[in-house]
Structure formats: structure tokens, C-alpha cells
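Everything below concerns the one structure shown next.
What follows is calculated from the coordinates using simple rules that are stated; it is not laboratory data. In this text the structure is predicted, and so the values were computed from the model without any measurement. Here the Cβ positions follow ideal geometry from the backbone for every residue, glycine too, while neighbour counts run over all protein chains shown.
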């Protein structure tokens with residue numbers, strides 16, 4: 001195996017299809033340690049599928065994926081994941097603290113309940129997302145933005161090497177969107193971050209590099225993104241809007 | 001009520017019945033909470049009804065029906081679990097088929113068993129007054145099994161109940177815990193069949209937990225609340241049914257059902273009140 005020294009995630013000639021039509025087609029991608037990579041592309045362009053392949057939730061039909069030099073399913077516990085839509089029922093009787101505590105699974109021992117160290121880690125993770133005061137709230141009472149911060153805390157609480165976020169700011173207001181991305185930029189000093197977004201203009205001011213996926217994948221340094229690149233990805237009728245007000 | 005308390009001190013079969021009801025409510029509280037939050041009432045119903053196949057077979061071959069029930073319940077839980085894990089598209093139909101096939105097998109065996117067959121009604125509707133005292137020990141052992149399994153692996157069960165995808169990513173073997181959870185449902189079904197019979201099992205499995213769910217914010221509080229409520233309904237049903245000589249199982253279910261409807265309305269009113277700006 002020829003892993004590059006600094007490569008955290010490597011995809012080589014990876015293809016995947018749900019029904020015979022390729023959603024991800026012959027994709028090559030190397031993400032290096034400490035990189036902040038934005039993934040953009042049109043709806044149904046394969047963004048979430050690409051993340052699920054890296055997470056080991058889906059198996060590629062061809063090609064090879066390595067995460068931290070291992071099979072994706074062997075590296076899952078080193079990843080903090082924020083899904084686009086929470087895969088749980090909002091009516092579940094659980095407090096924010098308990099939900100975030102579940103992010104500590106896979107650390108520590110097998111049997112019994114959570115320990116003091118776990119609870120301290122939860123308080124720290126909630127503080128990281130300005131959610132200290134949410135810890136005793138039942139999740140059914142959270143607003144969309146509060147829930148998003150809780151999901152981020154749940155991903156951070158295991159102190160993962162890699163953070164993978166699927167549209168982390170889709171349901172929240174813009175001030176919080178800036179807050180969350182500022183937080184991510186701060187974390188980037190210690191972590192490798194992949195973030196999917198539909199909003200290329202917004203994320204390009206944060207990330208080092210943008211991967212555009214529309215079945216196939218093309219990478220751009222953020223300083224090279226202009227109207228031409230965006231037109232190639234989304235087609236012609238696109239206007240750029242500056243988001244910094 | 002006074003009459004019931006007086007009879008309780010005189011009649012040992014009533015004390016046995018009360019103990020059986022209380023032992024069953026531990027299972028109904030712990031496992032019923034999972035059934036409610038994971039919304040697997042239909043799966044639990046399938047397990048409960050297909051148990052008749054095992055009880056019928058035990059009846060025919062002369063084994064204790066409780067053993068037949070336990071084996072049938074675990075087999076049917078594993079079958080239903082594997083269907084859910086590997087054949088999700090046809091889940092609904094397949095569970096329905098297993099439900100009916102299990103019952104048909106049971107009725108077949110009971111019909112072909114020589115001699116007078118009164119047991120069918122007590123399998124279907126239970127009779128807490130006929131629980132033999134030695135069965136209390138088996139029920140207690142099953143409770144210890146449930147408490148032990150959920151106590152040791154509480155975090156994993158909570159994770160699988162709350163968010164399977166995330167549990168998987170954190171390294172929890174989700175299919176294993178899912179199948180074990182269904183086996184715990186099977187054990188609980190067998191506990192409750194003693195009390196209310198297999199047709200009414202689903203009510204005691206879901207109603208106490210659902211009522212508790214109206215008021216608590218965590219799964220462990222839901223388990224405690226549902227256990228207490230299960231005890232109130234079984235003991236209360238037994239007491240109410242005694243003097244007018246009503247069947248105790250249906251009395252318990254009507255008590256639980258009435259309480260559930262009242263609680264659903266009450267908690268809705270409470271929620272609207274809270275939401276109203278002051």
C-alpha cells in the first residue's frame with residue numbers, strides 16, 4: 001500500500017450506484033491532515049453519498065477508500081459526523097446531555113453507564129458550540145438552530161481526528177452560520193474537516209479547497225473559484241451573490 | 001376493595017396472582033419503554049401472537065407451555081429481527097404472515113391434542129388466577145435476566161433505540177443489539193402472557209410506557225414510571241375484578257386503556273397551556 005505520509009482520507013477511482021446508474025463515478029480525492037475541505041455540487045450530485053462512502057456506511061462498487069490508512073469501517077470511531085437530517089425521532093424522551101453522551105460510545109469501557117469523564121467532555125463540547133445552557137433540555141423542545149449545535153457537540157465530544165459535516169447550516173439563521181463556521185475554522189488547527197454545502201460562495205471564504213461533485217469530482221483551490229467554475233458545475237443561469245453584509 | 005384485601009390475606013392463590021402481576025410489570029416497564037420509543041408495537045404483536053404455535057406444540061407433546069412459549073417467542077423474535085434487517089421492503093407483510101402462521105400452528109396442535117381442551121382460552125386471554133406458584137420463580141428469573149441485560153448494556157441499547165446510524169458509527173454492533181432487544185421483547189411477552197394472555201399482551205407492553213412518556217424526559221425515568229404504572233394496573237385490575245367476579249386480564253387492560261386515553265387528553269391540554277404566551 002502506498003499511502004501518502006500526510007493523507008488522512010484517500011479515494012482512488014471510486015464509483016458507487018444505488019440502482020445501476022452511477023451517483024459517484026471514478027472519483028479520486030486525497031485530503032491531507034489539517035485540511036478544511038468544502039464539498040459542493042447540485043442536488044443529487046452525490047455529495048452525501050461521497051460522505052457515506054468515506055464514513056463506511058456505503059461500500060464502493062469499484063475503487064479503494066482509505067481513512068487514516070485503514071478501511072473506512074475500521075476508522076469510524078476517529079470521525080465525528082454531523083448528518084444532514086438527524087436520523088432520530090424528535091419525540092424521543094432524551095435530554096441534550098444524554099444525546100451528546102452517546103457520542104462518547106466507543107471510548108472507554110464496554111459495560112455499565114457513563115462516567116464522570118464522559119459528562120465533563122459533554123459540558124466542554126456543549127460549551128464549544130455555546131450550548132452549555134441546553135444540557136438539561138429535552139431534545140423535543142429545541143429549535144432548529146439549537147438542534148444543529150447539539151448535533152455538532154455530539155460529533156465533537158469524542159475529540160475526533162476528522163470532522164465530517166453534511167449541510168451543517170441548512171436550517172439555521174445566518175448569524176449562527178457564521179458562528180459555526182468560525183468555530184470550525186478554530187478547530188481546524190487540530191482536525192481535518194470535510195463540510196458539504198450547497199452554498200459555494202459562503203464556504204469559499206472559510207475552506208482551503210473546494211471539491212465540486214456532480215457525479216464526477218473536480219477540485220479547486222478557493223482562490224481560483226470564479227463565475228466560470230460555478231457555471232461549469234451548476235449550468236448557466238447562476239448569479240453570484242456576495243454574502244458578507 | 002375491602003373484600004379484595006380480606007380475601008388477599010386468606011387466599012394464597014390471590015397472593016400468587018398479585019405477585020405474578022407485579023413481576024410482570026417489571027418486564028412491561030423496562031422492555032415496554034423500548035417498544036414505545038422504538039415504535040415496534042407491530043413487531044411485538046407479531047412475536048406475541050406467533051407464540052401460540054409454541055404453546056400449542058408444548059401442549060400436544062406434553063411439555064410445560066411456558067417453556068414452549070419461551071422457545072417460540074425467541075425463534076419468532078429472531079425471525080422478525082432478521083426480516084427487518086435484511087428484507088425491509090416486505091417487512092410489514094412478512095410480520096403479518098408470521099403472526100398468522102404462528103397462531104394457525106398453535107390452533108392446529110391444540111385441536112389435535114387428545115382430551116378436553118380448555119386451555120385455548122387461557123392462552124389467548126390469560127388467567128392470572130391460575131398461575132402456579134412455581135411459575136413465580138421462573139417469572140422472577142426472567143425479570144433478573146431483563147434487568148441484568150439492560151443494566152449492563154444500557155448505553156448501547158439507548159444508542160440503538162435512539163439513533164441506529166449514529167450508534168453504528170460509534171462502533172456499536174447494531175444488528176446484534178437489535179436482535180437481543182427483540183429477544184428481550186420475547187421474554188417479556190412470555191411474562192405477560194401469564195397475566196393477560198397473548199391477545200392482550202400488546203396493551204400492557206405499550207400503554208404504561210406510553211403514559212409515562214407523556215411526562216418524563218429520559219428513557220430510564222420512562223422505565224421506572226412504566227413499571228410503577230404496570231404494577232398499579234395489574235394490582236388495580238385484580239382488585240376491581242374480584243368482588244363482581246369479572247375476568248381480571250380484561251379488567252387490567254380496560255383500566256390501562258382508560259388511563260392512557262385520560263393521560264393523552266390531559267397531557268395535550270397541559271402542552272397547549274404551556275405553549276400559550278403569558
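Stokes-Einstein D for the stretch B:219-278 at 37 °C, 0.692 mPa s, Kirkwood Rh over Cα pairs, in µm²/s?
Approximately 249 µm²/s, per Stokes-Einstein.
Comparing B:71, B:47, B:202 in a Gaussian network model of chain B, where Cα atoms under 10 Å apart are tied by springs, the biggest mean-square fluctuation is seen for B:71. The Rg/Rh ratio for the protein assembly as shown, using Cα coordinates for both the radius of gyration and the Kirkwood hydrodynamic radius, is 1.07.
For the segment A:105-112, counting C-beta atoms of other chains within 10 Å of every residue's C-beta and taking the mean gives 4.
The C-alpha atoms of the stretch A:95-186 occupy a region whose extents along the principal axes are 42, 30, 19 Å, arranged from largest to smallest.
R0 = 60 Å: FRET efficiency of residue A:216 with residue B:9, Cβ-based, nearest 0.05? Using R0 = 60 Å, I get an efficiency of 0.15. Fewest neighbouring Cβ atoms within 10 Å first, the residues A:191, A:47 line up as A:191, A:47.
Determine, from the Cβ-Cβ distance of residue A:85 and residue A:21 and an R0 of 22 Å, the FRET efficiency 1/(1 + (r/R0)^6), rounded to the nearest 0.05. In this case the efficiency is close to 0.45. Fewest neighbouring Cβ atoms within 10 Å first, the residues A:220, B:86 line up as B:86, A:220. When chain B is treated as a GNM with alpha-carbon contacts under 10 Å, the residue of B:227, B:206, B:113 showing the greatest mean-square fluctuation is B:113. Taking the alpha carbon gyration tensor of chain B, multiplying each eigenvalue by 5 and rooting it gives semi-axes of 29, 27, 16 Å, largest first.
The fewest-to-most ranking of A:31, A:218, A:100 by surrounding Cβ atoms within 10 Å reads A:218, A:31, A:100. Quick one: grab the alpha carbon gyration tensor of the stretch A:1-142, order the square roots of its eigenvalues as a ≥ b ≥ c, and give me rounded if a/c is under 1.5, else prolate or oblate depending on whether a/b is larger than b/c. The shape class here is prolate. Comparing B:110, B:147, B:265 in a Gaussian network model of chain B where C-alpha atoms under 10 Å apart are linked, the largest mean-square fluctuation is found at B:265.
Percentage of Cα-Cα pair distances in the stretch B:151-278 greater than 18 Å, rounded to whole percent? Tail of the P(r) past 18 Å holds 63 percent of the pairs. Compared with the direct C-alpha span, the chain from residue B:245 to residue B:228 gains 3.6 nm at full extension, assuming 0.36 nm per residue. Extending 7 Å from Cα along the Cβ direction at residue A:62 and again at residue B:85 yields two label points whose distance is 3.2 nm.
Computed on the Cα trace of the stretch B:32-178, the radius of gyration divided by the Kirkwood hydrodynamic radius gives Rg/Rh = 1.02.
Per residue, the convex hull spanned by the alpha carbons of chain A comes to 147 Å³. Computed extension gain for residue B:266 through residue B:140, at 0.36 nm per residue and net of the alpha carbon distance, reaches 41.9 nm. Normalised by the number of residues in chain A, the mean separation of alpha-carbon contacts (under 8 Å, six or more apart) gives a relative contact order of 27 percent.
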